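The values are calculated or read from the model by the stated rules, or taken from the named source; none is laboratory data. Here the structure is a predicted model, which is why all the values come from computation and not from measurement. Here the Cβ is made from the backbone with ideal geometry for all residues, glycine too, and neighbour counts use every protein chain on show. Only protein heavy atoms, including side chains, enter the accessible area calculation; ligands, DNA and RNA are left aside. Shrake-Rupley method; radii C 1.70, N 1.55, O 1.52, S 1.80 Å.
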Amino acid sequence: MPAKDTLKDVLASTIGSTACVYTGQPFDTVKVRMQVAPDDFKSSLDCFRKTFKGEGINSLWKGTIPALSGALGENMMAFGINGHIQRLFTSWEDKEKYVSPEMENVFSGSLTGLCTAFILCPADILKCRAQMNRTQGGSGSVAKIAQKLVKDSGPKGLFRGFGV
């Protein structure tokens, strides 16, 4: 199993993650604002318009850095782990005696999901808190939010909701 195959998986996930985050972030920003202050907006289009007029086009990408770091980490881990496990199964002789193709997918998907959750959970918590903080007039500094969260709750605060 050459490392170049894993590198290809990671590179593909990096390009895909970046494209997804930058195209989807305005929708996520609108969603979070509507969740935090539902009475301030008549519709998602109204929220988009008010955000654009009041804060400018760049405001629609607030929270992009933690979202991007989470997506990059999650997808690099997912593509890398899943690709590696799939290649392990492919190279395993007589695997049909022990593992069905369906169970290969269950095993590799489960292990991949567990690994990615360790990256995604903290990134998502920080992204949501940064967006809420900015909506309420704060700076939304991810570093400050992370420091406060760890100070108040310890490192486990970054994994709140992990079980779900």
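In the stretch 30-66, which residues have a backbone nitrogen under 17 Å from the label point lying 7 Å from Gln136's Cα in the Cα-to-Cβ direction?
Inside the label zone: 32-40, 63.
Quick check: pseudo-label points 7 Å beyond the Cα along Cα→Cβ at Phe159 and Asp40, how many nm apart are they?
Spacing of the two 7 Å Cα→Cβ label points: 3.4 nm.
How about the stretch 1-49: which trypsin sites (Lys or Arg not before Pro) there lie in a loop by DSSP and see at most 12 other Cβ atoms within 10 Å?
Answer in residue order: Lys42.
From the list [x] 1.09; [y] 1.02; [z] 0.97, can you say which value of Rg/Rh (Cα atoms, Kirkwood Rh) was derived from the structure given?
Recomputing Rg/Rh (Cα atoms, Kirkwood Rh) here gives the entry labelled [x].
Could you give the dipole magnitude of the chain about its Cα centre, charging the beta-carbon of Lys and Arg +1 and that of Asp and Glu -1, in debye to the nearest 20?
In total the dipole reaches around 880 debye.
Student exercise: in the stretch 44-164, how many lysine pairs 8 or more apart or on different chains have Cα atoms under 26 Å apart?
15
Taking the dipole about the Cα centre of the stretch 92-133, with the C-beta of Lys and Arg at +1 and of Asp and Glu at -1, give me whichever of Ser108, Met132, Ile119 is farthest to the positive side.
Of the listed residues, the answer is Met132.
Report in % the part of the accessible area of the chain that belongs to carbon and sulfur, leaving out ligands and nucleic acids; probe 1.4 Å. It would help to have the intermediate numbers written out before the result.
Working: 6520 of 10130 Å².
Looking at the chain in its full context, I get 64 percent from C and S.
On C-alpha positions alone, give me the angle between the axis of helix 3-36 and the longest principal axis of the chain, in degrees, nearest 10.
The angle comes out near 30 degrees.
Kindly report the accessible area of the chain per residue (heavy atoms of protein chains, probe 1.4 Å, no ligands, DNA or RNA), in Å².
62
I'd like to know which of Thr51, Leu88, Asn75 lies farthest towards the positive end of the charge dipole of the stretch 43-88, counting +1 on Cβ of Lys and Arg and -1 on Cβ of Asp and Glu.
Positive-end residue among those listed: Thr51.
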